[in-house]
Amino acid sequence: MVLATLLAGLAGSAHRPGAGPSSGVPVAARSLPSFSGATGWLNSQPLTEASLRGNVVLVEFWTYTCVNWRRTLPYVRTWAEKYKEQGLVVIGVHTPEFSFEKNADNVKWAVKDMKILFPVATDNDYAVWRAFDNEYWPALYFIDAKGRIRHTHFGEGSYDQSEKVIQQLLAEAGAKGISSQLTPVDPTGAETAADWRTLQSSENYLGYERTANFASPGGAIADQRREYIAPTTLRLNQWALMGNWTMGKEADVVNERNGRLRYRWHARDVNLIMGPAAPGNAVRFRVLIDGKAPGAAHGDDVDEEGNGTLKEQRIYQLIRQPSTIADREFEIVFLDAGAAVFDFTFG
C-alpha cells in the first residue's frame, strides 16, 4: 500500500478519551464487518456487506461535536462527490460520545448543517464501533471491491495519501479514467486545520468525571448547586467557575444569570461544546479575552463584541486569533441561566 502516516507528533489529532493519536497504516485484509447493529440510517436505506460488494467503500466513524472529525469532513465530503460515479461509497458511522448526540433530531440537524450527503448509519449502541474494533473519532476504513479492509487511518492529516488509497482501490476494481491528480480542498471556518505550531492547550472535559486542572477553591462538588469563585490568577490550562453552577458527571449547568467560566489557554482557536440544558431554549452569552471584547479575534459563533446565543447542543467556535498567539485568559459570561457546558477543544 502507498499510504504513509503523517500523524506522528500531532497531539490530539485523533480523539479517544484517555489516549493519544494513532497512525494510519496498511492492514492485513479482513472482511468488512456488519452494519446490522446500526440504530438507524440517514440519506440511505440500510446498507449491507452484500449490497456493497463490487464497490470501493470508505467507512468513517464520527460524532458531530468532535473537532478532529470536523476538520477531516471537507476532505471526505469532496472524495464522496468526486468518486461516486466511479464506484466509491462513503458511509459515515455516527457513534455518539455525549448523551445528547444520541438524539436523532440533533444528528439530523448536524447532517443537514454540515452538508453531509452520503449515507450515515447511527450507532447509538456502539454495535458497529465494536464490530470494527474501533477506538477513535475520526477513523477511516478503506474497503476494496471484494469486501476486504485494506487500509485504516486514525485521526487528522495524510489527506493526499488517503486519496491515493481510494484511487488505487478504484483502479484495482476496474474503474476507468482514475486520475492520479489529487483534489484541492480549502477548508474554512470550523473545518480549518489547527495551528499545530502554536497549540499548547489540549482538549478538556468539564464534567467532574473527566475534567482536569479545575482551580475554583474547594474543588468540584458533584451534582449539587453551589456558588463557585475563581482564584486571583490562573496558570496555563487551568480553569474556574464563578457564580451558581451544578457540576455534573458529563456537563456543568449554570443555574443563575451571569454565571462565568474562565480558562487560561495558548492556541489560535477556542471551541466549546455546549448548548441549552433544556432543548428548545435560547441562552445568550458573551465572550471576553483578557477582560475585553474579542474584536477581530472572534470566532464564527460570536460577533466582534463577543456576543452569541446558544440554540443547539453542538460545538461553538468562540475565538480565532488572527495574530500573535500567547498565553491568554478566556472568559464566557452566560447572560441567561440554563447553559450546559461539556468540553473545550483548541486549534
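Here's the picture: charge each Lys and Arg Cβ at +1 and each Asp and Glu Cβ at -1 in region 204-346, and of LEU236, VAL270, PHE334 the one pushed furthest to the positive end of that dipole is LEU236. Residues THR233, THR152, ranked from the fewest to the most other C-beta atoms within 10 Å, line up as THR233, THR152. Taking all Cα-Cα distances within region 135-209, those exceeding 16 Å account for 66%. Computed from backbone phi with θ = phi - 60° and the Karplus coefficients 6.51, -1.76 and 1.60, the 3J(HN,Hα) list for region 153-168 is 8, 10, x, 7, x, 6, 5, 4, 5, 5, 5, 5, 4, 4, 4, 5 Hz; x is used for glycine and proline. Compared with the rule-of-thumb size 2.2 N^0.38 Å for a compact globular protein, region 124-263 has a Cα radius of gyration ratio of 1.58.
Straightening the chain between ASP125 and GLU305 buys 60.6 nm, computed as 0.36 nm per residue apart minus the Cα-Cα spacing.
When Rg and the Kirkwood Rh are both derived from Cα coordinates, the Rg/Rh ratio for the chain amounts to 1.00.
Restrict the search to region 80-185; then list the trypsin sites (Lys or Arg not before Pro) that DSSP places in a loop and that have at most 16 other Cβ atoms within 10 Å of their Cβ. Qualifying residues, ordered by number: LYS115, LYS146, LYS176. Fully extending the segment from GLU172 to SER202 would add 6.7 nm, taking 0.36 nm per residue of separation and subtracting the current Cα-Cα distance. Applying the criteria of a DSSP loop state and at most 15 other Cβ atoms within 10 Å to the GluC sites (Glu not before Pro) of region 250-347 yields GLU256, GLU304, GLU305.
Here the ratio of the Cα radius of gyration of region 204-346 to 2.2 N^0.38 Å is 0.95.
Residue by residue, region 318-329 carries 3J(HN,Hα) couplings of 9, 9, 9, 6, x, 9, 3, 9, 8, 5, 9, 10 Hz when phi is fed to the Karplus relation 6.51 cos²θ - 1.76 cosθ + 1.60 (θ = phi - 60°); x denotes Gly or Pro.
Amide H to amide H, with H built 1.01 Å from N, ARG268 comes under 5 Å of ASP195, GLY347, counting only residues 5 or more places away or on other chains. Would you mind estimating how fast region 25-191 diffuses translationally, via Stokes-Einstein at 20 °C and 1.002 mPa s with the Kirkwood radius over Cα pairs, in µm²/s? Using the Kirkwood radius from Cα pairs, D works out to 135 µm²/s.
Put simply, the amide H of ARG150, placed in the peptide plane, has neighbours under 5 Å in PHE142, ILE143, ASP144, leaving out anything fewer than 5 places away on its chain. Here's how it looks for LEU206: its modeled amide H is under 5 Å from those of ASP343, PHE344, which are all 5 or more places away or on a different chain.
Each residue of region 214-229 was assigned a 3J(HN,Hα) from its phi angle through the Karplus curve 6.51 cos²θ - 1.76 cosθ + 1.60 (θ = phi - 60°); the sequence is 6, 10, 5, x, x, x, 7, 10, 6, 6, 9, 5, 7, 7, 10, 10 Hz, with glycine and proline shown as x.
Summary value for the chain: 17 percent relative contact order, contacts being C-alpha pairs under 8 angstrom separated by 6+ residues.
Where a number appears in this text, it was derived from the coordinates with a stated rule and is not lab data. Worth saying up front: this structure is predicted, and the values here are computed from it rather than measured. Positions of Cβ are backbone-derived with ideal geometry, glycine not excepted, and every protein chain shown enters the neighbour counts.
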